[in-house]
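The block underneath contains the structure these notes are about, expressed in structure tokens.
The values are calculated or read from the model by the stated rules, or taken from the named source; none is laboratory data. The model shown is predicted, which means the values in this text are computed figures rather than measured ones. Positions of Cβ are backbone-derived with ideal geometry, glycine not excepted, and every protein chain shown enters the neighbour counts. Surface accessibility is based on the protein's heavy atoms, side chains included, excluding ligands, DNA and RNA. Shrake-Rupley method; radii C 1.70, N 1.55, O 1.52, S 1.80 Å.
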Amino acid sequence: FQILSDPNKPYTNENSATPTEETNDAGNLMDFLDEPFPDVGTYEDFHTIDWLREKSRDTDRHRKITSKSKESIWEFIKSLLDAWSGWLVMLLIGLLSGTLAGVIDLAVDWMTDLKEGVCLSALWYSHEQCCWTSNETTFADRDKCPQWQKWAELMTGYTEGAGVYLLNYFLYVLWALFFSFLAVSLVRVFAPYACGSGIPEIKTILSGFIIRGYLGKWTLLIKTVTLVLAVSSGLSLGKEGPLVHVACCCGNLFCSLFSKYSKNEGKRREVLSAAAAAGVSVAFGAPIGGVLFSLEEVSYYFPLKTLWRSFFAALVAAFTLRSINPFGNNRLVLFYVEYHTPWYMAELVPFILLGVFGGLWGTLFIRCNIAWCRRRKTTLLGKYPVLEVIVVTGITAVLAFPNPYTRRSTSELISELFNDCGSLESSQLCDYINNPNMSRPVDDIPDRPAGPGVYSALWQLTLALVFKIVITIFTFGMKIPSGLFIPSMAVGAIAGRIVGIAVEQMAYHHHDWIIFKNWCRPGADCVTPGLYAMVGAAACLGGVTRMTVSLVVIMFELTGGLEYIVPLMAAAVTSKWVADAFGKEGIYEAHIQLNGYPYLDQDEFTHRTLATDVMRPRRNEPPLALLTQDSTTVEDVETLIKDTDYNGFPVVVSHESERLIGFVQRRDLILAIKSARQKQDGVVSNSVVHFTEDAPQIPASNPQPLKLRRILNLSPFTVTDHTPMETVVDIFRKLGLRQCLVTRSGRLLGIITKKDVLRHMAQMMNQDPESIMFN
């Protein structure tokens, strides 16, 4: 398709060998577009880009650079710099997003511990760092050292007692409320776009929608600061989703340094796709998983070139985070684990059951969370976001403190649930009854009967599971940065660990049962409860987000073991099947629909309707707003722009024939007329606007005409009125169109816009068609 690409270049007819010359038969006719003027070809806020136009503009720009590179050494060097600018942007994105992720991890670690106590030897040390540096720490009591003091001990001098417990409880809640209040206040005052996960909006932006300011400098700064505060407050949310938003803000920031990306919205989105991969890379320490996440979950247009660059950005980001080493374990994540026992075929049954649980939890969460968010939008609740955050934080902190599994940060909880119980573990989950005669290597401890600590931990984990399931529904979607990966993984990890311990004890006490006889001999290390926690985490995350391939890769990059791919795949696929049985939408698609973003998903359109059923104008509607090629005055154009809010207008030969000539964008018209009035003498309200190739002969007494041929798209995409809507939807999805004109034998009948397509799809699914708007 030949689309007008660069308004400052002569239009090139595809069938001719040379550019068409802009003739000027009348001496007083001037085409002011011979000189470039700013903003032609740009888009207004909350509008969709024209992918074909952006692609064509980039092709023309590249052709121009290539031809110039043969003229001189300097032009050749400039062409090399242009070619390498993409890789340079990826390098900068990786460095900045990796650095920010490391700083966020360190700050969250310190501020989470600040709720419970303080390090006297160095105020900026977290609990773990404080006791690392102490010479008085024993291995058995490695969490206790004189340099670290809880707030009550610091204030009263006592370490035990009801008063001490209540004072610590009160200060824990107070710190949580302070952190969350500060977070929601900063978001509300400085950067309203810094709230939420950011992934639904990133998906919409990558599909071609413009949301100015969403990836701006203020959003980057406030999101980074408030993300630390929100996670540290102890709310049931994670930092992984918002880190994708932060990385995309970094990408947008560096795009503004290179005109190749800043002046082309299509190229900018290629960079943002790679930035999303870098965000997941540093969130989970999974560079390959990050690339697959960007490809599977967020990107709309993902050419092979973007795949390589995403891989490079994810690599640099992971390397930068590894250099910072925020967790002190030489790993990229807190919950890196290694298992030493294989899994057995019989264990696929509990793994698949965990997949079913993940799918059911995903469905329950999406439905309840969307219902709550819709209530927030339509009731008074939405008018008091600060109060909502304070109330939810207060309830979370009050209920979380008594249970040691909900008091700690969610990442630490997942880390403990994933861990395999070695001989040196001091966790309550590892309180097994040991055989005094056991003499085996440290890594190969046989299955043992559970001790009182394990049974106590199971009750606490069950309460933690119910608490996490309920509170996460009300937390996600509040006006603070809030990710969903970690809370979903926590729910699955708790359920998985409970199932794992149950299977382990059954195998120990009933090893003569037929299902255990073949693979679990007495005294053998058969079942790894931590593996069940990992599979459960993958199942629940898959149920909520509907990820499959990228999820499995992220999980095995977390564990470092390829041996457990099959259990992870079984759980991920099962959770998707179960969740899809209740509804095809993941949480991000559901939030896109709730907010009314114009996003065309990849689901098949199966209804038997035609273009004529969807096009506008419909019956009983006013006729289509048109421009003619040589009989419309400047005043007519300005009146049309003033009286309508359409994004563009078809240009026809005349109102009588309605033979289609082309399509002109509203924004380009406004800018062209404004610039002509400033630069060109004699352009008045009754000047005739010409979209024709050749200038007509005009009497000297007539006002000077205005020629706007160069802002006219001479090859707009057209379909006939009998084209099936299945084909039209496919065209919109694959070519990224903004609008499509409907004709019959060259005569214009109507227009179909992207919103018309979305409204029609909503109507076909018995949804409210008027919900498709930026809300």
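Ranked highest first by the average count of other Cβ atoms within 10 Å around their residues, in what order do 613-622, 721-730, 706-715 fall?
In decreasing order of mean packing, 613-622, 721-730, 706-715 become 706-715, 721-730, 613-622.
Can you work out the FRET efficiency for the pair L626 and K377, with r the C-beta to C-beta distance and R0 = 35 Å, to the nearest 0.05?
Here the calculated transfer efficiency is 0.40.
Probe of 1.4 angstrom, ligands and nucleic acids ignored: what's the accessible area per residue over the chain, in square angstrom?
44 Å²
Which pairs, out of K203/K755; K203/K239; K115/K217, put more than 20 Å between their alpha-carbon atoms?
Values: K203/K755 17 Å; K203/K239 18 Å; K115/K217 30 Å.
Long pairs (Cα-Cα over 20 Å): K115/K217.
So how tilted is helix 162-190 from the main axis of the chain? Cα-based, degrees 0 to 90, rounded to 10.
Approximately 10 degrees, to the nearest ten.
Along the charge dipole of the chain, Cβ charges K/R +1 and D/E -1, which of V282, W124, P623 sits furthest on the positive end?
It is P623, whose Cα lies furthest towards the positive end.
R0 = 22 Å: FRET efficiency of L463 with E128, Cβ-based, nearest 0.05?
It comes to 0.30.
Relative to the longest principal axis of the C-alpha atoms of the chain, give the angle of the C-alpha long axis of helix 51-68, reported between 0 and 90° and rounded to the nearest 10°.
Around 80 degrees separate the two axes.
Taking 0.36 nm per residue of sequence separation and subtracting the Cα-Cα distance, how much length would be gained by fully extending the chain between I514 and L257, in nm to one decimal?
The I514-L257 span can extend by a further 85.8 nm.
For region 611-765, take every pair of Cα atoms, bin their distances at 10 Å starting from 0, and report each bin as a whole percent.
Calculated over all Cα pairs of region 611-765, the distribution is 10, 38, 31, 15, 5, 1, 0 percent.
What is the gain in length, in nm to one decimal, between T42 and V549 on full extension, counting 0.36 nm per residue of separation less the C-alpha to C-alpha distance?
Result: 178.9 nm gained on full extension.
How many percent of the accessible area of the chain is carbon or sulfur, using a 1.4 Å probe?
Carbon and sulfur atoms account for 60 percent of the accessible area of the chain.
Any idea what the relative contact order of the chain is, in percent, if you count C-alpha pairs under 8 Å spaced at least 6 apart? Please report the intermediate quantities before stating the final value.
Numbers: 1397 pairs, mean separation 123.9, N = 775.
Across the chain, relative contact order equals 16 percent.
Hey, quick one: spin label on N329, modelled 7 Å out along Cα-Cβ, who in region 476-493 has an amide N within reach, i.e. under 19 Å?
485-493
Separation between the S745 and V103 pseudo-spin-labels, each 7 Å from Cα along Cα→Cβ, expressed in nm?
6.7 nm
Just read off the accessible area of L96 with the full protein assembly in place, 1.4 Å probe, to the nearest 10 Å².
50 Å²
Report the antiparallel proportion of the DSSP beta bridges in region 611-765 as a percent, rounded to a multiple of 5.
Among the beta bridges of region 611-765, antiparallel pairing accounts for roughly 70 percent.
Can you tell me the 0 to 90 degree angle between the C-alpha axis of helix 240-255 and the longest principal axis of the chain, rounded to 10?
Result, in degrees: 40.
At 1.4 Å probe size, what's the solvent-accessible area of I352? Round to the nearest 10 Å².
That residue has around 70 Å² of solvent-accessible surface.
With +1 assigned to the C-beta of every Lys and Arg and -1 to the C-beta of every Asp and Glu, and no other charges, what is the dipole magnitude of the chain about the Cα centre in debye, to the nearest 20?
760 debye
Viscosity 0.890 mPa s, temperature 25 °C: what is the translational diffusion coefficient of the chain from Stokes-Einstein with a Kirkwood Rh over Cα pairs, rounded to a whole number of µm²/s?
Numbers: Rh = 29.3 Å.
Answer, rounded: 84 µm²/s.
Between L348 and M764, how many nm apart are label points set 7 Å from Cα along the C-beta direction?
Those two pseudo-labels are separated by 3.7 nm.
Please give the calculated 222 nm ellipticity per residue for the chain, where each DSSP H segment of at least 4 residues contributes -39500 (n - 2.57) and the sum is spread over every residue; nearest 500 deg cm²/dmol?
-17500 deg cm²/dmol
Label points 7 Å out from Cα along the Cβ direction at S72 and K584: separation in nm?
5.7 nm
With a 1.4 Å probe and every protein chain left in place, tell me how much accessible area Y344 has, in Å² to the nearest 10.
60 Å²
Using the charge dipole of the chain (Lys, Arg: +1 at Cβ; Asp, Glu: -1 at Cβ; taken about the Cα centre), state which of T632, T692, S97 has its Cα farthest towards the positive end.
After comparing all options, I get T632.
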